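J.: I'd like to ask some things about the structure below.
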Amino acid sequence: MTDFKTLVELSDDETKEEATTPHDDGVLTSLGRRLVNKLKRPRSRGSSTRSTPSATPTHSAPASPLKKAFRDDIFDFNIDETDPSCAKATGDGDTASRTFTFSKDFDKNGVFYYIGKHGRPFWNNPADTMQVMVSFSDHGDGEIVGVASDAANRKSVTCRTKNGEKSWICYDLGRVRRLIPNYYTLRHGGPSKELALQHWRLEGSEAGDTWVRLSSHFNDMALHKKYGTSSWPIAGDHKAFRFFRIIQTGPNVSGSHELSVGGMELYGTLLETVD
């Protein structure tokens, strides 16, 4: 089983390696040059001439989700500046601060929506683009259903951990983000109330080793329906955390220990470090 310290080190190493890969200026300059040349090229009318295909076809390898995300950033058109995800940051120097205020379950005011949408014309699951890292507990019987990124989705998906006591799902905001939380939303990860959560805690951590209790639930039936959603305030004053996890503290509604979560959203004050 991979511990949290290892997850932190792996996440940071991958981020640093990607950050040192030259891909911004050269791609943007080359792309802009091709677009300008194409617009200037005169279009012929009525011609039936076809270009001769190359004798040896070439195939480009599919891009990784992370590199695709960078290319999406180039096409930064039609961004609605009134969208909460595009709110201007406030701050001094190297740290930007944004406040995200809860309105309703899976609105467009949350942190995961902001990370997946900001600078793009459409939302991408930030766990698919590795901007948020999601991990599951790996103990117990059976198999994990779905993939880890499903636990950060905005649509109804079936997703759950193995059947083991104190199963958990952890969300890592990355090395440049910390959140002072005040509200959160969950979606049950199943097409019926079977396996729905009823005993759990939301916890926060700075480094993934020591956890602070943020919200506790006992016999909470708010998620006991098909892909049920609900939201809860986080009481008290808390510091900023990089990691958040849902840990199941008792059996689900079916009497087993699979942790079934098919979506999450967080609210509060997000602090982002500018590299």
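J.: Just give me the residues in region 169-200 being open to solvent by less than 10 Å² (accessible area, probe 1.4 Å) and among the polar types (S, T, N, Q), in sequence order.
T.: Correct list: 185 only.
J.: Hey, another quick one. Would you pick out the residues in region 137-156 that are buried (at least 20 other Cβ atoms within 10 Å of the Cβ) and over 12 Å from residue 257 (Cα atoms)? Give the steps one after another, and end with the answer.
T.: Of all residues in region 137-156, those buried (at least 20 other Cβ atoms within 10 Å of the Cβ) come to 137, 150-153.
Across region 137-156, the qualifying residues are 150, 151, 152, 153.
J.: Name the one entry in 184, 171, 227 that is under 21 Å from residue 148 (Cβ atoms), more than 17 Å from the chain's Cα centre (by Cα) and not polar (S, T, N, Q).
T.: None of the other options fit; the residue is 227.
J.: Name the residue that is modelled with the lowest pLDDT, counting only residues in region 115-125 that are farther than 20 Å from residue 231 by Cα and in a loop (DSSP other than H, G, I, E, B).
T.: Filtering first and then ranking leaves 119.
J.: In the list 222, 240, which residue meets the criterion of being surrounded by fewer than 20 Cβ atoms within 10 Å (Cβ to Cβ), without any contact (Cβ under 8 Å) to a residue 24 or more places away in the chain and in contact with a strand residue (DSSP E or B) (Cβ under 6 Å, 6 or more places away or on another chain)?
T.: Within the list 222, 240, the selection yields 222.
J.: Looking at region 89-114 only, could you name the residues that are at pLDDT 95 or above, open to solvent by 70 Å² or more (accessible area, probe 1.4 Å) and not in a loop (DSSP other than H, G, I, E, B)?
T.: 99
Rundown of residues vs (1) within 25 Å of residue 118 (Cα to Cα); (2) in contact with a helix residue (DSSP H, G or I) (Cβ under 8 Å, 6 or more places away or on another chain), yes/no style:
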position: 222; (1), (2): no, no
position: 225; (1), (2): no, no
position: 233; (1), (2): yes, no
position: 243; (1), (2): yes, yes
position: 250; (1), (2): no, no
position: 259; (1), (2): no, no
position: 262; (1), (2): yes, yes
position: 273; (1), (2): yes, no
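J.: Moving on to the next point. Given (1) within 25 Å of residue 117 (Cα to Cα); (2) in a loop (DSSP other than H, G, I, E, B), where does residue 204 come up short, assuming only one miss?
T.: Just one mismatch for residue 204, condition (2).
J.: Go through the residues of region 255-270 one by one and say whether even a single one is modelled with pLDDT of 95 or more, buried (at least 20 other Cβ atoms within 10 Å of the Cβ), touching an Asp or Glu at 6+ places or on another chain (Cβ under 7 Å) and more than 22 Å from residue 154 (Cβ to Cβ).
T.: yes
J.: Can you tell me which residue in region 157-168 is nearest to residue 204 (Cα to Cα), limited to those that are surrounded by fewer than 20 Cβ atoms within 10 Å (Cβ to Cβ) and touching a His at 6+ places or on another chain (Cβ under 9 Å)?
T.: My answer is 166.
J.: Let me ask another. Where the second residue is in a loop (DSSP other than H, G, I, E, B) and open to solvent by 60 Å² or more (accessible area, probe 1.4 Å) and the first is more than 20 Å from residue 250 (Cα to Cα) and among the hydroxyl-bearing types (Ser, Thr, Tyr) and lies in region 144-169, which pairs have Cβ atoms under 6 Å and are six or more apart or on separate chains?
T.: 149/128
J.: Here is a follow-up. Among the residues of region 225-234, is there at least one that is over 21 Å from residue 104 (Cα atoms), among the aromatic types (Phe, Trp, Tyr), part of a strand (DSSP E or B) and open to solvent by less than 40 Å² (accessible area, probe 1.4 Å)?
T.: no
J.: Please list, ordered by first then second residue, the pairs with beta carbon atoms under 8 Å, 6 or more apart or interchain, first in region 182-198 and closer than 28 Å to residue 238 by Cα and without any contact (Cβ under 8 Å) to a residue 60 or more places away in the chain, second in a loop (DSSP other than H, G, I, E, B) and of a type in the set (Val, Ile, Thr).
T.: Sorted first by the residue in region 182-198, then by its partner, the pairs are 198/253.
J.: Sticking with this one: Could you check how many residues of region 208-219 are surrounded by fewer than 16 Cβ atoms within 10 Å (Cβ to Cβ) and modelled with pLDDT of 95 or more?
T.: Residues in region 208-219 being surrounded by fewer than 16 Cβ atoms within 10 Å (Cβ to Cβ) and modelled with pLDDT of 95 or more: 6 in total.
The values are calculated or read from the model by the stated rules, or taken from the named source; none is laboratory data. Source: prediction; values computed, not measured. Methodologically, a virtual Cβ is constructed for each residue, glycine included, from the backbone with ideal geometry; neighbour enumeration extends over all protein chains shown. When the accessible area is computed, the model is the full protein with side chains, heavy atoms only, and any ligands, DNA or RNA have been set aside. Shrake-Rupley method; radii C 1.70, N 1.55, O 1.52, S 1.80 Å.
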